[in-house]
Every structure is written in structure tokens, then in C-alpha cells.
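Readers should treat all values here as calculations from the given coordinates under stated rules, not as data from a laboratory. Keep in mind that this is a model prediction, so the values were computed, not measured. Virtual Cβ from ideal backbone geometry, glycine too; neighbours counted across all protein chains shown.
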Amino acid sequence: FRVIDCFLGLIPLKDATAEDLYDKVTAFFNLNKIPYKTNLIGFASDGANVMVGTKNSFSSRLVSDIPHIFLMKCICHSFHLCASNACSMLPSSVEELTREIYNYFSNSPKRVETLKEFQKFANVKIHKILHPAQTRWLSVESVVVRILEQYEALKLFFIDASVSSDRTSAGTAKSILQKLQDPLTKMFLMFLEFVLPIFNNLNRELQSTSPQIHNLHKRICTIYKTLLEYFIKRTVIQRTSIFLINVNDPQNYLPLEEIYMGAKILAVLYNKHFDSQQLHVLRTRCLSFYVEGARQIRKRYDFGNTVLKSLEMLDPEIVRSGSMPSIINLCSAFPNLISEEKFQTIDNEWRLLCNTQISSEKYSTIEEFWSYVSELKYSDEHLMFGTLGPFMLSLLCLPHSSANVERIFSQINLMKTQQRNRLCTKSITGLLHTKTYLKNKECFNLNIEKHILKRINNEMYKGTGDETDLELSN
């Protein structure tokens, strides 16, 4: 057993209202004879109101048709917004510097070659300056790491450029140099290098194609607690549930000088004397980052979501530990997968499984674990977990993010070339299905089925006459 995400189709829309979206999607299901009210158990999307709003959205219409559908607002998008809002608490000059440095080199091979000389002189690796994406703050991590790596070479370059370039370029170079020479600039970059991976690592993990739904609640709780420990008093964390801590109350904060800002900053502060006023600015800004980051996580993730908490039962470690003695809470959340009449049977099987020794050599992934459990039999060949196994395998199909859909968008962007720049939805859909069909196959021994060969005839060149459905165009 293996969970596989597959592309199904693209649906043209005249407008982006929730009503139009829902009508077109359900019509697509009905046209292709897909019993979505029975088969659809989960839905994931970004956090746009038209998709996941509580009153008049695509998901609210789904819930009216499928009351117990599992809804997931993409955590990747949510944590991007958390990072973006938290970063807005830092001086804007830090982000501006990353863009100004890139722009200074982006259209000038001569400047790039000159920079290489300074990179050799400063004994740093000859690497390009990276481009910070306009819409994704999380991309700034790699940009920040690269600038810190090249910091001394960049300072030397802009010292030279500020006196040897023409007047316009020299003015830009002086502006960049001024920011590079400000000791606070490097400290804020060090802080970003330390703190952004907290958000990035979860984002990267949730872009996995393997099931991660069982890890979601635990990972977000861990990240949230880690973030709190940087600026909240330990006594407050120890005596209060992390979900109940008021992150807006200054009485819960550590003294300003005890706020943790990363190992590199601690090392710099230990070895160098810093102006007290600058140090105060650094610490207060970093504190503001933490407070806003924690506020945004609380705002965008429901820590009281009992379904996500119960889905931790999918984890083989939880099974072995026996820390969750009953599976009924999880079953109650998915009546479309198991009827109430089978609750006692599945609960008995769950308790039996918690006391069954299963060697870790039998599996390497969560899919292999539950596949193995589903096939275990008594000596009389009856399945030991005939109800529990299929139920848990179905839950593995629940979406943990919308990252796979984003990958489809990337594939569509790659289809557009100078020669192929006007494609209708039908053509794009065909190309995407072809990519899926040819995946992991070799051209020299590809077995093309007869029904596909029969469709390769004159009819395939006859258009529908509808030229309004153009998805890729100049």
C-alpha cells in the first residue's frame, strides 16, 4: 500500500466566486461519474476566503454536502504568513538590503566578475548573490545565509564601487555600503539566519509527498513551545499550558538582556563591546519578532483541534506506547469511514494492536506499517485487524498541505515556451496526464495500449472552435 497524489483535471472558470467554483467542480465530478459525496474524505487549500471562509466559501459548500469532510488550511501558506508578519517587526532596511545587493549585480556581468576578485581576496567561496522572492519571505533564509557568507567580500566590493563608479552607481553603492557597515545590519541578518529555519523546516517537511498528517499537531506544538522559550519566563511555561499563555503580557517576558537571539549573536556580544542603545534596539526588535510570530501561529492554527490530535494515532510510536487506549474519538470524527455499529470491534482491535509486538524491521514507512498490520492473520487465516487496518489506511490519504497542487502549477509554467505560448485547458490537461503516464517509464520499451493508439487519427486535429479557453498566453 502506498499513498499517491495524482493529477485529475483542470477546470476553466469564468469568475472566482465560491458559487462558480463549487458549481464547476461538482459538475466535473458528476460528468466523470465520481461519487464525491461518498468518496471525498478530505480537502486542502490555501487560506483564501473564497476557499476556506466560514460563511460563503467553497469549503462551506462542501461541508453542506459532506458534513464530516476533513478540511485543511495549508500549513505551508499559513507559516509563510506567520514568518512574513513576524519579519515586519524588524527594520525594513534589512530586507531592502537583500534586494538592493541582488539588483546591483543582476544585470551587470562586469560587476559579477569584479566581485569574484574580492571573493578570492577575502578567501570566501565564489558564489552568486541570490534573489529574494517577492512573495515568499521564507526564501529569504538562503539569501541571508549567502550574504553573511559573502559579507566581507561585499563590503570590500562596495567600498571600491563607491569611489570608482559613475555618479549614479556610486550613490547606490554608498547607500548599500552604509547599511553593510552598520553593525546592527549584520546582527539582524544573523538573527534571521537563526530564526527563519524554525518556520522553514516545517514548511519543507510538509511539502513531502508521503503522509505527514499524523505529525502535524505534534510538530506545530513543538515549534510554538520552542518559540515561546526564547522570550517567555520558564516558570510561566512550566506552570501554564502553552496554549493558554498570554504572549501579549509583558509580565510573562524574560528580562530584555536574557532574550535568546541565537548562538552567533551571543558569541558576538561576548567578544565585542556594543553600544547600549544599539543593543536595546536589537533586543526589542527581536522580542517584537517573537511576540508577533507567536501571535500569528495562535491566530492561524487551532491548537484545540481534537481531530488533528487524534490523528497522531497513525504514528507507529503512539501504537507501541499505548498512550492512547481508545480509538473512538478518532472514529467519531469520520463517520463516513466507519459506522457506529463497528465502534466496539475497531476499539477491540486497537487495544489488541497496542499489545502486539511488531518488529521495526517489518516496515520503514508509516504506509508499510499499516499495510503490514492490515495483513496480519490469526492461525485460522482470519484477519486480526480487518476493521482497524482499512480505516487507518484511509486516513493516510488525508491531505496535510496543498504542496502537490503547487507543483502542478510549476509544471504548467514550464510548459510555456516561445514556440508554445498559447495552450487551451484541454491541451494543458492532456500534457499533464501524459507526464503522469510516462513517469518512471522508458521510451524504448514503452507499451502503448491499443485504445490509445486508436485515438491517434485525423479527429485529434479537429478543434472545438472555442478559443476563449486560453490558459497560457503572452
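Some points to look at:
- Residue-averaged 222 nm ellipticity for the chain, from DSSP H runs of 4+ at -39500 (n - 2.57), nearest 500: -17000 deg cm²/dmol
- Extension gain, GLN278 to SER169, is 36.3 nm, computed as 0.36 nm per intervening residue step minus the present C-alpha separation.
- Segment ARG2-LEU269, extension gain: residue separation times 0.36 nm, minus the distance between their alpha carbons: 91.0 nm
- Label positions at GLU117 and SER88, each projected 7 Å from the Cα along the C-beta direction, are separated by 4.4 nm.
- Pairs from LYS14/LYS309; LYS14/LYS55; LYS174/LYS272; LYS179/LYS264; LYS233/LYS264; LYS33/LYS450 whose Cα-Cα separation, in the structure shown, is over 29 Å: LYS14/LYS309
- For HIS127 and THR222, the FRET efficiency from 1/(1 + (r/R0)^6), where r spans their Cβ atoms and R0 equals 51 Å, is about 0.95.
- Multiplying the residue separation of THR306 and LEU13 by 0.36 nm and removing their Cα-Cα distance gives an extension gain of 101.9 nm.
- Across the chain, the relative contact order, built from alpha-carbon pairs under 8 Å that are at least six residues apart, equals 19 percent.
- The residues SER241, SER175, SER164, when put in order of fewest to most other Cβ atoms within 10 Å, stand as SER241, SER164, SER175.
- In this simple spin-label approximation, LEU414 and LEU438 carry label points 7 Å from Cα along the Cα→Cβ vector, and these lie 1.2 nm apart.
- The distance from the alpha carbon centre of the range 182-250 to that of the range 333-354 is 35 Å, rounded to a whole number.
- Dipole magnitude of the chain about its Cα centre (Cβ charges: Lys, Arg +1; Asp, Glu -1), debye to nearest 20: 980 debye
- Derived scalar couplings between HN and Hα for the range 368-376 equal 5, 4, 6, 5, 5, 4, 5, 9, 5 Hz in order, rounded to whole Hz, by the Karplus curve 6.51 cos²θ - 1.76 cosθ + 1.60 (θ = phi - 60°), x for Gly and Pro.
- Near LEU228, once Lys and Arg are set to +1 and Asp and Glu to -1 for all other residues with Cβ below 12 Å from its Cβ, the sum equals +4.
- The phi torsions of the range 378-395, fed into the Karplus equation with coefficients 6.51, -1.76 and 1.60 and a -60° offset, translate into couplings of 6, 5, 8, 6, 7, 5, 6, 10, x, 9, 5, x, x, 5, 5, 5, 5, 5 Hz, rounded to whole numbers, with Gly and Pro shown as x.
- Simple spin-label estimate for SER106 and SER60 in nanometres, 7 Å along Cα-Cβ: 4.0 nm
- Positive-end residue, the chain charge dipole about Cα centroid, Cβ charges, pick of ALA267, THR209, ALA333: ALA267
- As a rough footprinting exposure proxy, the listed residues MET460, MET392 were ranked by other beta carbons within 10 Å of their own, and the order from fewest upward is MET460, MET392.
- Between LEU10 and any residue 5 or more places off or on another chain, the built amide H atoms are never under 5 Å apart.
- Near the amide H of GLY42, within less than 5 Å, lie the amide hydrogens of PHE70, all on another chain or at least 5 residues away, with H placed in the peptide plane.
- Exposure proxy ranking for GLU205, GLU449, GLU141, based on other Cβ atoms within 10 angstrom of each Cβ and starting from the fewest, stands as GLU449, GLU205, GLU141.
- Residues of type lysines that LYS462 reaches as a straight line, Cα spacing below 16 Å, ignoring anything fewer than 8 places off in the same chain: LYS426, LYS454
- Contact order normalised by residue count of the range 1-73, Cα under 8 Å, 6+ apart, percent: 28 percent
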